[in-house]
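The values are calculated or read from the model by the stated rules, or taken from the named source; none is laboratory data. Small disclaimer: the values here were computed from a predicted structure and weren't measured. Neighbour counts are summed over all protein chains in view; Cβ atoms, including those assigned to glycine, are modelled from backbone coordinates with ideal geometry. Ligands, DNA and RNA are stripped out before the accessible areas are found, and what is left, the full protein with its side chains, is counted by its heavy atoms. Shrake-Rupley method; radii C 1.70, N 1.55, O 1.52, S 1.80 Å.
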Amino acid sequence: MKILIVEDDVILGELLQECLLRLDHERVQHCITGREACAVIEEDTFDCAFVDLRLPDMDGLRLLEKIKQDDPGLPVVMMSGYPTMEYTIEAMRKGASDFLTKPFTLQDVALTLQRVTKEKGLLLENLGLQLECQARKELEKVNRELQSRVGEQTRLFQISKEIDEIRSSDELYFRIVQLASNMESVEKANFYVVPRDRRRLLSMASCGWRDSEGGPREIILNNERVKEVLGNGASHVFIRPEEVSSSLQGLPAGSDRLLSCWPMRIRGEPFGLLMAFHNEQCDGISTEETRLFDFLIRKASMAVENMALYESLVSNFYGILKSLVNALEAKDLYTGKHSERVTLYAVGTARIMACSGDQIESLRTIGYLHDIGKIGINDSLLNKAGLLTNEEYELIKKHPVIGESIVADLGLSPEERSIIRHHHERWDGRGYPDGLGGEDIPLLARIVSIADAFDAMTSKRAYRDAMSREESLRELAENRGNQFDPTALDAFFAYMKDGALKK
């Protein structure tokens, strides 16, 4: 052991140093003053210290404090010829390990060293356990923080993924309130849009309400607090229902809970407002939830802007394609407005078949383009007065594939693309371009096939006169189950029977 002795009695100090060296300790250093001891401690480390209670330049208790401040684990044995109970208690309180009363024997020193050595071992072991426990607590804290951040990042990723998959504004509004309601502190949520007149907010979607509720359907902007929510530029505002009670209609009983309002801005202008109704325990939301709400609103606003831009581009592109179709049909005096009529017939048939709104919208938009591929076919073939040769017919049969390639980059669904590619397939599998049969042919293509055939028969062509409505219907009926889907054909007949089309 390396031992420090601080004793102003030179003879006693040297005697103690010699005794300790006889006990085979590594190093024993003797200091006469407290100042000298302080200098030695700053330069070296020791395993034990013997300190006299009275030193010529400072009090031994003060030196004890200095030693413990620099090395709390260093055992310190106080020495005094006239120890009092008061000094002994004070020394122990300040961290002394033992007290030697002068004069003392070599055996007293050996026993004291044995005690303090054992005490130091226990102290170091206890300190090690404390450090291990502290390290474990720190590790648990880091793990909790890491798990929290991983959980937050997972939720951010999920929000981003769900918003990115949305293809319509109605779906977006519902998804916003659904994601908001998944927040820990949120019970209900509503999303409102701001009309151009900015006199009110209109509810577009709600989540968390009972069937008999649904939340405030409309917020009249006659209240300065509500106007402040939209116009103060902040990411969110907390309000109490009583602050805007005159503007909120349809709130359930006991709705005195905290509301948080999250304005959505598009290019700096108010577009909408997400209103979250928090639970009773909520006096404010956590930093994590604030980040989730902020991200949700930013992501949704980007989705709205991108949808508007995409819809504008698609609308313009559809306009160009329709213009091309119109130009194509304008060259043929016999089939002008063909695509328009086919679309009308197909939409009517789809309604009889109870097709979904999305399917009917697809027919209304893409049905008009079903013959767009004829742009790639020579006009001399399209307007030929006589019958086509086999080679010419094979060229004509390429127009569905050409049409699909024209709209390939529009992001259409497979069923929408099928309207263009497969409207010349047959129920018996003898159609083109892929020879599909039965229900392998997508439904919308089957419907357009019937509408296309009917309009072709009832239109005058360069090589023949138009067939009557009754003749055309009989022709369709004769090909029921061969060329045409029986169910779709029955729906077409029902549509015609209702008097929807009369020439």
Residues in the range 296-329 that are open to solvent by less than 50 Å² (accessible area, probe 1.4 Å) and either under 33 Å from the mean Cα position of the chain (by Cα) or hydroxyl-bearing (Ser, Thr, Tyr) (or both): how many? 10
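Anything in the range 420-433 that is among the basic types (Lys, Arg) and within 39 Å of the chain's Cα centre (by Cα)? List them, or say none. Step through it out loud before you land on a result.
First pass over the range 420-433, keeping only residues among the basic types (Lys, Arg): 421, 426, 430.
Correct list: 421 only.
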Of the residues in the range 235-281 that are polar (S, T, N, Q) and either farther than 26 Å from residue 196 by Cα or open to solvent by 10 Å² or more (accessible area, probe 1.4 Å) (or both), the one that is modelled with the highest pLDDT is 279
Filter the range 446-503 down to the residues that are open to solvent by 60 Å² or more (accessible area, probe 1.4 Å), at pLDDT 90 or above and of a type in the set (Asp, Glu) and list them by number. 470, 471, 475, 478, 490
In the range 412-429, which residue that is without any contact (Cβ under 8 Å) to a residue 40 or more places away in the chain and not in a helix (DSSP H, G or I) is farthest from residue 397 (Cα to Cα)? 429
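Can you tell me which residues in the range 74-90 are surrounded by 20 or more Cβ atoms within 10 Å (Cβ to Cβ) and within 9 Å of residue 53 (Cα to Cα)? It would help to see each step written out before you state the result.
Residues of the range 74-90 that are surrounded by 20 or more Cβ atoms within 10 Å (Cβ to Cβ), as a first pass: 74-79.
Answer for the range 74-90, where residues must be surrounded by 20 or more Cβ atoms within 10 Å (Cβ to Cβ) and within 9 Å of residue 53 (Cα to Cα): 78, 79.
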Criterion: part of a loop (DSSP other than H, G, I, E, B) and within 51 Å of the chain's Cα centre (by Cα) - qualifying residue of 444, 436: 436
Scan the range 56-75 and give yes if some residue there is more than 30 Å from residue 129 (Cβ to Cβ), at pLDDT 90 or above and touching a Cys at 6+ places or on another chain (Cβ under 8 Å), otherwise no. no
Within the set of pairs 6+ apart or on separate chains, which have a first residue in the range 133-154 that is in contact (Cβ under 8 Å) with a residue 12 or more places away in the chain and in a helix (DSSP H, G or I), a second that is open to solvent by 100 Å² or more (accessible area, probe 1.4 Å) and not acidic (Asp, Glu), and C-beta atoms under 6 Å apart? none
Looking at residue 417, is it open to solvent by 60 Å² or more (accessible area, probe 1.4 Å) and within 46 Å of the chain's Cα centre (by Cα)? yes
Inter-residue pairs, beta-carbon under 7 Å, first at pLDDT 75 or above and in the range 194-211, second polar (S, T, N, Q), 6+ apart: 203/190; 206/190; 207/178; 207/181; 208/181
State all residues of the range 356-381 that are open to solvent by less than 20 Å² (accessible area, probe 1.4 Å) and outside any helix (DSSP H, G or I); if no residue qualifies, say none. 370, 371, 377
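Among the candidates 146, 131, 100, single out the residue that is open to solvent by 80 Å² or more (accessible area, probe 1.4 Å) and under 25 Å from residue 47 (Cβ atoms).
Working: 146 fails: under 25 Å from residue 47 (Cβ atoms); 100 fails: open to solvent by 80 Å² or more (accessible area, probe 1.4 Å).
Just a single option satisfies the conditions, and that option is 131.
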I'm trying to understand the selection: among the residues of the range 105-120, which are touching a residue at least 24 places away in the same chain (Cβ under 8 Å) and either aromatic (Phe, Trp, Tyr) or open to solvent by 70 Å² or more (accessible area, probe 1.4 Å) (or both)? 106, 119
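Based on this model, can you work out whether residue 432 counts as within 30 Å of residue 170 (Cβ to Cβ), open to solvent by 20 Å² or more (accessible area, probe 1.4 Å), among the hydroxyl-bearing types (Ser, Thr, Tyr) and at pLDDT below 95? Can you show your working first?
Working: within 30 Å of residue 170 (Cβ to Cβ): no; open to solvent by 20 Å² or more (accessible area, probe 1.4 Å): yes; among the hydroxyl-bearing types (Ser, Thr, Tyr): yes; at pLDDT below 95: yes.
Criteria not met by residue 432.
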Taking the condition open to solvent by 10 Å² or more (accessible area, probe 1.4 Å) and either at pLDDT 90 or above or small (Gly, Ala, Ser) (or both), does residue 7 pass? no
Candidate set from the range 17-45 (those that are open to solvent by less than 10 Å² (accessible area, probe 1.4 Å) and among the hydrophobic types (A, V, I, L, M, F, W, C)); member that is farthest from residue 86 (Cα to Cα): 20
Hey, could you check the range 164-188 for residues that are part of a loop (DSSP other than H, G, I, E, B) and in contact with a strand residue (DSSP E or B) (Cβ under 8 Å, 6 or more places away or on another chain) and say which is surrounded by the fewest Cβ atoms within 10 Å (Cβ to Cβ)? 185
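Among the residues of the range 386-394, is there at least one that is out of contact with any strand residue (DSSP E or B) (no Cβ under 6 Å at 6 or more places or on another chain) and buried (at least 17 other Cβ atoms within 10 Å of the Cβ)? Full working, then the answer.
Start the filter on the range 386-394 by keeping residues that are out of contact with any strand residue (DSSP E or B) (no Cβ under 6 Å at 6 or more places or on another chain), which leaves 386-394.
Within this subset, residues satisfying the condition of being buried (at least 17 other Cβ atoms within 10 Å of the Cβ) are none.
Looking through the range 386-394, none of the residues is out of contact with any strand residue (DSSP E or B) (no Cβ under 6 Å at 6 or more places or on another chain) and buried (at least 17 other Cβ atoms within 10 Å of the Cβ).
Checking the structure you have, find out if any residue of the range 404-411 is open to solvent by less than 30 Å² (accessible area, probe 1.4 Å) and more than 20 Å from residue 455 (Cβ to Cβ).
yes
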